[in-house]
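Peer 1: Below you'll find the structure I mean.
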Protein chains: 2
Amino acid sequence: MKIGIIGSGNMGRSLGILWAEQGHEVFFGSRDAEKGKATAEFAGRGTQGGTNDQAAAFADVILWTVRSIMPKELLSHPEVLDNKIIIDCNNQDIPEGFAYPPIVESLAEKLAKDIPQAQVVKAFNTMAQEVFELAPEPLKDYGVSVFVAGDDEQARKTVMGLAEEIGFLAVDSGVLRNARLVEGLGDFIRLIIGGQKQGVYATISVNVLPTASEQRLGGRQASSLK
Amino acid sequence: MKIGIIGSGNMGRSLGILWAEQGHEVFFGSRDAEKGKATAEFAGRGTQGGTNDQAAAFADVILWTVRSIMPKELLSHPEVLDNKIIIDCNNQDIPEGFAYPPIVESLAEKLAKDIPQAQVVKAFNTMAQEVFELAPEPLKDYGVSVFVAGDDEQARKTVMGLAEEIGFLAVDSGVLRNARLVEGLGDFIRLIIGGQKQGVYATISVNVLPTASEQRLGGRQASSLK
């Protein structure tokens, strides 16, 4: 798969490297072509780098890491995103005292409004970047969830696959409107990480327990959601 | 500990029985004294039953299961709750299409406003009642979280203890304002249970993973938050 990273900070760099290791073609974009190239050089693994425009044109799946910057502001030809999958991994700034405002519209929905012909999918916003250092091994052993919300089922499935192959367990979280709830999970885990001082390795998992009757029949392990 | 259950439906009955099994004195309250007594008779294990007024007067810790009904509406003498711990386990009704409204003030904060001399603690709102059937064994093996938010640290610790002794892992979630985020988790898990059809045994866990350097030193298991 051809994957473009828009804004090559910590999150984009980590995920780009992981996906390149899985055999995907990854292109790191930046406002400054030299910075994009430098990121690719750092990342190695056959990755390329350049401008955000180039990354957007190159890829089928685009990771959008630049919060609250809309494609129409950032790209010369935002229509190159039409019919592509856009992964939004962003969360709001943490307010004083973790007193988050209520989410009346998600960042992902705002992004989707700006590029109505693209398939925006919310994902990868409920873990700190440090967790990617454990991917795909030993992360696989821990059952950390990636919550995936988007209106197009095929796009959700594609992103769920991209999460699973680097060691996460993907949780289909339905339509894009549910990104409001998924962004709420992002707010909550950052409260636990920072406000409650549990550190950057605090993660969220959703598991389905064996039912009481399965228990009586000898039990089985709790399984993570598919 | 003396525990009062206000409103003896499924949630209250299940938790009351579990706490009675742990040796606590449990009193089931209802608007109708006969119904409270019938619940206690069903529950056995030395539990008592009667009116909500009696349950509130009897207990040190009160489980408030009647959503959006305020103590001043329900109790003849709401001041009996002064200096007591009130556990709010409620969630909003599920709207059409799981299109939850943004949470601008939590149910728990509303409850606390009505009884400012009591210690309101948010907890037990992120699992279906059926999960209690697995408590305390084999629930202990699954690391299911109970998220506990309240302004009084000692009250939070008490409720965390009540969660842990029946097989959950308690996650200190800070001040009562954070009940907004915890109620958001409740909304999310009900989306997964009902909207995404994963069933009533879908649960949320927060875990702290071993750090990258701990991994290099041979690793340790992911630990649940305390």
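Peer 1: Hey, in the GNM for chain A with a 10 angstrom Cα cutoff, which one of A:Ile85, A:Ile189, A:Ile103 fluctuates hardest?
Peer 2: It is A:Ile103.
Peer 1: A further question on this structure: Looking at the stretch B:53-91, which trypsin sites (Lys or Arg not before Pro) are in a loop (DSSP not H, G, I, E or B) and have at most 13 other Cβ atoms within 10 Å? Show your work: numbers first, answer last.
Peer 2: Values: sites: B:Arg67, B:Lys72, B:Lys84; in loops: B:Arg67, B:Lys84.
Here no loop site has a sparse enough neighbourhood.
Peer 1: Follow-up. For the protein assembly as shown, give me the percentage of DSSP beta bridges that are antiparallel, rounded to the nearest 5 percent.
Peer 2: On the way: 15 of 65 bridges.
Counting DSSP beta bridges with both partners in the protein assembly as shown, the antiparallel share is about 25 percent.
Peer 1: What are the residues whose amide H is under 5 Å from the amide H of B:Asn125, where those residues sit 5 or more places off or on another chain and H is modelled from the backbone?
Peer 2: Result for B:Asn125 returns B:Phe147.
Peer 1: Label-to-label distances across copies for B:Asp32, with labels 7 Å out along Cα→Cβ, in nm, shortest first?
Peer 2: 7.4
Peer 1: Other chains' Cβ within 10 Å of A:126-137 residues: what's the mean?
Peer 2: 1
Peer 1: For the stretch B:131-169, which GluC sites (Glu not before Pro) are both in a DSSP coil and crowded by at most 13 other Cβ atoms within 10 Å? Intermediate results must be reported in sequence, preceding the final value.
Peer 2: Values: sites: B:Glu133, B:Glu153, B:Glu164, B:Glu165; in loops: B:Glu165.
Hits after loop and neighbour filter: nothing returned.
Peer 1: Further question on the same structure: If you count, for every residue in B:143-149, the Cβ atoms of partner chains within 10 Å of its Cβ, what is the mean?
Peer 2: On the way: counts 4, 4, 2, 0, 2, 0, 1.
Per residue, the average neighbour count from other chains is 2.
Peer 1: A further question on this structure: Modelling each spin label as a point 7 Å along the Cα-to-Cβ direction, I'd like the A:Glu214/B:Glu34 distance in nm, to one decimal.
Peer 2: Here the modelled spin labels are 4.2 nm apart.
Peer 1: Separate question: Give, as ranges by residue number, the residues of the stretch A:50-68 whose backbone N falls under 20 Å from the point 7 Å along Cα→Cβ of A:Glu21.
Peer 2: A:63
Peer 1: If you don't mind, there's one more thing I want to ask. Taking the Cα centre of the stretch B:103-155 as origin and charging only Cβ (+1 Lys, Arg; -1 Asp, Glu), how large is the dipole, in debye to the nearest 20? Each step should come with its number before you reach the end.
Peer 2: Values: 4 positive and 10 negative charges, 22 e Å.
Dipole of the stretch B:103-155, to the nearest 20 debye: 100 debye.
Peer 1: Please list, ordered by chain and number, the residues whose modelled amide H lies under 5 Å from the amide H of A:Thr51; skip anything fewer than 5 residues away on the same chain.
Peer 2: Long-range HN contacts for A:Thr51: A:Ser30.
Peer 1: Take the Cβ-Cβ distance between A:Glu130 and B:Asp151 as r, set R0 to 35 Å, and report the resulting FRET efficiency rounded to the nearest 0.05.
Peer 2: Values: r = 31 Å, r/R0 = 0.88.
Efficiency for this residue pair is about 0.70.
Peer 1: Let me ask another. Using a label point 7 Å beyond Cα on the Cα-Cβ vector, give me the inter-copy distances for B:Asp152 in nanometres, one decimal, shortest first.
Peer 2: In ascending order, 5.4 nm.
Peer 1: Stick to the Cα atoms of chain A, pair each with every other, and give me the Kirkwood hydrodynamic radius in Å at one decimal.
Peer 2: For chain A, the Kirkwood estimate is 18.0 Å.
Peer 1: Could you pull the copy-to-copy label distances for B:Lys140, with points set 7 Å along Cα to Cβ, in nm to one decimal and sorted shortest first?
Peer 2: Those separations, rounded to one decimal, come out as 3.1 nm.
Peer 1: Based solely on its DSSP helices, what 222 nm [θ] is calculated for chain A when runs of n ≥ 4 H residues each add -39,500 (n - 2.57) and the sum is averaged over all residues, nearest 500 deg cm²/dmol? Before the final figure, lay out each step's value.
Peer 2: Numbers: 8 runs with 71 residues, N = 226.
After summing the helix terms and dividing by the residues of chain A, the value is -9000 deg cm²/dmol.
Peer 1: In debye to the nearest 20, how big a dipole does the stretch A:125-226 give about its Cα centre with +1 on each Lys and Arg Cβ and -1 on each Asp and Glu Cβ? Working shown, then result.
Peer 2: Working: 10 positive and 13 negative charges, 75 e Å.
Roughly 360 debye, rounded to the nearest 20.
Peer 1: If we sort B:31-43, A:19-31 on the protection proxy, mean other Cβ atoms within 10 Å, highest first, what's the order? Present the calculation step by step, with values, prior to reporting the outcome.
Peer 2: Working: B:31-43: 17.2, A:19-31: 21.7.
Output ranking for B:31-43, A:19-31: A:19-31, B:31-43.
Peer 1: For a quick check: sort B:Tyr142, A:Tyr100 by the number of other beta carbons within 10 angstrom, fewest at the front.
Peer 2: In increasing order of surrounding Cβ atoms, one gets B:Tyr142, A:Tyr100.
Peer 1: What average number of partner chain Cβ atoms lie no more than 10 Å from the Cβ of the residues making up A:178-185?
Peer 2: On the way: counts 10, 0, 7, 11, 2, 1, 11, 5.
What the average comes to for A:178-185 is 6.
Peer 1: Among the lysines, which have Cα under 27 Å from the Cα of B:Lys113 when same-chain residues fewer than 8 positions away are ignored?
Peer 2: B:Lys2, B:Lys72, B:Lys84, B:Lys122, B:Lys157
Peer 1: Whose amide H sits under 5 Å from the amide H of A:Ala118, counting only residues 5 or more places off or on another chain, with H placed in the peptide plane?
Peer 2: So A:Ala118 has HN proximity to A:Asn83.
Quick note: the coordinates plus some simple rules give every number you see, no bench work behind them. It should be emphasised that the depicted structure is a prediction, and the values quoted were computed from it without experimental measurement. No Cβ is skipped: glycine too gets one built from the backbone with ideal geometry, and neighbour counts run over all protein chains shown.
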